[in-house]
1. Using a Förster distance of 45 angstrom, determine the FRET efficiency expected from the C-beta separation of residue 218 and residue 404, and round it to 0.05.
2. With θ set to phi - 60° and the Karplus curve 6.51 cos²θ - 1.76 cosθ + 1.60, what are the ³J(HN,Hα) couplings of segment 12-29 in order, to the nearest whole Hz, using x for Gly and Pro?
3. Per residue, how much accessible area does the chain have with a 1.4 Å probe, in Å²?
4. So which lysines can residue 50 reach, going by Cα to Cα under 18 Å and dropping same-chain residues fewer than 8 places off?
5. Among the lysines, which fall within straight-line cross-link reach of residue 22, defined as a Cα-Cα distance under 26 Å, with same-chain neighbours fewer than 8 residues apart omitted?
6. Summarise the accessible area of the chain (1.4 Å probe, protein heavy atoms) by the percent that is carbon and sulfur.
7. Can you pull out the GluC sites (Glu not before Pro) in segment 40-89 that DSSP calls coil and that have at most 12 other Cβ atoms within 10 Å?
8. Treating only the Cβ of Lys, Arg, Asp and Glu as charged (+1, +1, -1, -1), what charge dipole size does the chain show about its Cα centre? Round to the nearest 20 debye.
Amino acid sequence: RYQPTWASLDARPLPAWFDEAKFGVFIHWGVFSVPSFGSEWFWWYWQKEKREPYVKFVEANYPPGFSYEDFGPLFTAELFDPNQWADILKASGAKYVVLTSKHHEGFTLWGSKYSWNWNAVDVGPKRDLVAELATSVRNRTDLRFGLYHSLFEWFNPLFLEDATNDFKTRKFPTSKSLPELYEIVTKYQPEIVWSDGSGNAPDKYWNSTGFLAWLYNDSPVRDTVVTNDRWGVGSICKHGGFYTCSDRYNPGHLLPHKWENCMTIDKRSWGYRRNANLDDYLTIEDLVKQLVETVSCGGNLLMNIGPTHDGRIAVIFEERLRQMGAWLKVNGEAIYRTKPWRAQNDTVTPGVWYTYRPKEGKVYAIFLNWPSFGILHLGEPEGRLGETQVKLVGYEEPLKWVTLGEKGIAVSLPQLTLKQLPCQWGWTLQLTDV
C-alpha cells in the first residue's frame, strides 16, 4: 500500500497505457464560455485586476450592477450533443480526453453537493455535463476519460479566509476541494485526475498526499489512474505521476521522467473566445510539429479546445482535430506505443524527429519538410548494406538509400504528385535494421 508521503507515492509506476497513448484532447468549458472574451480568466481579470478591456467589455454589453454570477444562467449548453463530441474526439486519433470538471471560478459541470447553486445541474444547462460526456466517450470510443479539477477558487470566501490565515486554517480544502475530488472519482471513475491551481498554498494544506494515497490504494480506479504534478506549491515538475512543468511545455530534449505538453490550439486562451482572429489559431502544420517533437522527447501531447457556451465545438477546432486524426491514420505507427530513440532529432537535416519500436527493431524518422530534390539526408541512422530497409509509411515500394561516410544515410524519395502523397503536413520513414 502507498503511504501518504511523496517518497511512497512517487515510487508508484505510471500505468503503461498513458505512455502508449501519446495524444489526448483537453476541453476547457465553463461559465467563462459565456462572455467568451479575452480568456478563461475573465472573472479574475475583470474583478480583481480590473484590466481595462474586460471592464469596458462588461460596461458596454451588460446592465449596471451585472455580476459574474449572472453569467451562470446564461451558460445554457442547449446545443451540447455528447455523442457528436465523442465522434469528433474519436476522429482526432486521441487516446484520452480531459474535461474541466471545475475551473478556478468554482462552477462544477456536475451537480456537486459541495457546490450548492453554482453547478451545471442547479444553474444554466440543468444537466450533468460530466456524466453525459463520460457516458458517450465510453460507449462510442476507446478513449480514456479524464477530469481536470482546480484545487483553489479565486473568490471562494472560505479559501480567502484560509489564505488570510497563511493557510494555518484548512476550512476550504476540508469542506469543498477534497470532498469534490472524492466525489468525482467515486462517481465518474476518471482514469486521469488532472489537478491544477495551487492558490499559492502548499500540498500539506490541500492534503494532496492523503488524497493520492486513497486514489492509488482504495479508489475504484486505483489500478489504471494517472495523475499530474500540480498538487500544491513546489510539487510541479517534482512530485505526482507525469510532469507538466508549465503550460505549453516543450523542452525539445529527452527528460528522465514521463511528461506531458498541455497546449492550446488558440494561442491566447484555453476557453472559447468570440474575439479570436484566424491567425490566433495554430495551423495543422504547427500542431503536427508539436506532436512529433513532444513524442520524440518522451512526452504526451494534450491539445486543448474550448467549446461555446451553448455546447458547440467550433468548426475550426473540429477541423484541426479531424486533420490530426487523418495524419495519425497514416503515421500512427510512428507515434502510438513508441519509445524515444537514442537520438531525438536529426543532426544534419532540421525538422526530422525520431521514434522507436524496440520489439520490432523499427526506427521512425518523421520529416516535416519534403526535400526539394527528393533526397533526404539523415545524419543519425547507420545503415547496413543488404540488411537495412527503408519504407515511406503509407507507400508500398521500398526506397533506395546509400550510406554517408561513417554515419548517416541518404534516402531517395519517390516522385509523387500531391494526390499520390500518403498524407500532408509531415511524412514518416520506417527504418528496419539500422
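The values are calculated or read from the model by the stated rules, or taken from the named source; none is laboratory data. What you see is a predicted model, and the numbers here were worked out from it, not measured in a lab. Heads up, the Cβs are rebuilt from the backbone with ideal geometry, glycines too, and the neighbour counts pull from every protein chain shown. Protein only, heavy atoms only, side chains kept; ligands, DNA and RNA dropped before computing areas. Shrake-Rupley method; radii C 1.70, N 1.55, O 1.52, S 1.80 Å.
1. 0.20
2. 5, x, 5, x, 4, 4, 5, 5, 6, 6, 6, 9, x, 10, 9, 10, 9, 9
3. 42
4. none
5. Within the straight-line cut-off, residue 22 pairs with 90, 95, 102, 238, 258, 267, 289, 329, 339, 359, 362, 391.
6. Carbon and sulfur: 51 percent of the exposed surface of the chain.
7. Hits after loop and neighbour filter: 49, 78.
8. My answer is approximately 540 debye.
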